[in-house]
Amino acid sequence: MSHETHHETVVLYARSGRVVTQHWMGLAVAGMELRPGTVLDGEAVIWRDGRLDFAAAQSRAESSTTRARALAARYPASYICWDVLQHPDPAIGDCRHLPYTERRAFLLELLADVGPPVQATPATDDRDVAVLWYDALREQGIEGIVCKRGGAGYLP
């Protein structure tokens, strides 16, 4: 899901390019804290009973707008960000060609004053820490990790 902040609104997209803002209105409202022109890459997730519930997220994404609102009231979502694609500063703009380490720094800067439910995913360049996270977080329903080379540009 991409998260794109415009001047007066926030638009949320699924990977398919479909606009899904109405299904994730709580995240759109939280996204209003971001500076206009920000485009993030991440995923909407739902925590239930201390675990990620992918079925609940899929159910909301595939439901009617009315049902999505009812589900949101019962199971609020979080938006886990792992990359920034467009920086709101016109001098920076499209970040996709920049190394991941620079994009990560921009992401953390952009989210510094934005609290949950919009948050950056944890990151490390230590393989042992990544393996520890992978093993420990599976109990919470996290099925994998995102790996990016520090010097690599964004690959869709």
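The values are calculated or read from the model by the stated rules, or taken from the named source; none is laboratory data. Only a predicted model underlies this, so the values are computations on that prediction, with no experimental measurement involved. So basically every Cβ, Gly included, is an ideal-geometry build from the backbone, and we count neighbours across all protein chains shown. Surface areas here come from the heavy atoms of the whole protein model, side chains and all, with no ligands, DNA or RNA. Shrake-Rupley method; radii C 1.70, N 1.55, O 1.52, S 1.80 Å.
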q = 0.13, 0.15, 0.21 Å⁻¹: log10 I(q)/I(0) that the Debye formula gives for the chain, counting C-alpha atoms only: -0.62, -0.83, -1.44
Spacing of the two label points (7 Å from each Cα toward its C-beta) at Ile92 and Thr9, in nm: 2.6 nm
Table column - 3J(HN,Hα) (Hz), region 123-132, Karplus curve with 6.51, -1.76, 1.60, x for Gly and Pro: 9, 8, 10, 9, 4, 4, 5, 4, 5, 4
Distant-in-sequence amide H partners of Tyr154 (H built 1.01 Å from N, under 5 Å): His97, Leu98
Most fluctuating residue given options Val118, Val39, Val29, as computed from a GNM of the chain linking Cα atoms under 10 Å: Val29
Surface per residue (accessible, 1.4 Å probe) for the chain, Å²: 59 Å²
Residue-wise HN-Hα coupling along region 84-97, computed from phi with Karplus coefficients 6.51, -1.76, 1.60 (Hz; x: Gly, Pro): 10, 9, 9, 8, x, 6, x, 5, 9, x, 5, 9, 4, 7
Trypsin sites (Lys or Arg not before Pro) restricted to region 1-89 and DSSP loop, no more than 14 other C-beta within 10 Å: Arg15, Arg18
Region 18-133 - percent of accessible surface contributed by carbon and sulfur, probe 1.4 Å: 55 percent
Amide H partners (placed H, <5 Å) of Gln86, local residues excluded: Val39, Cys95
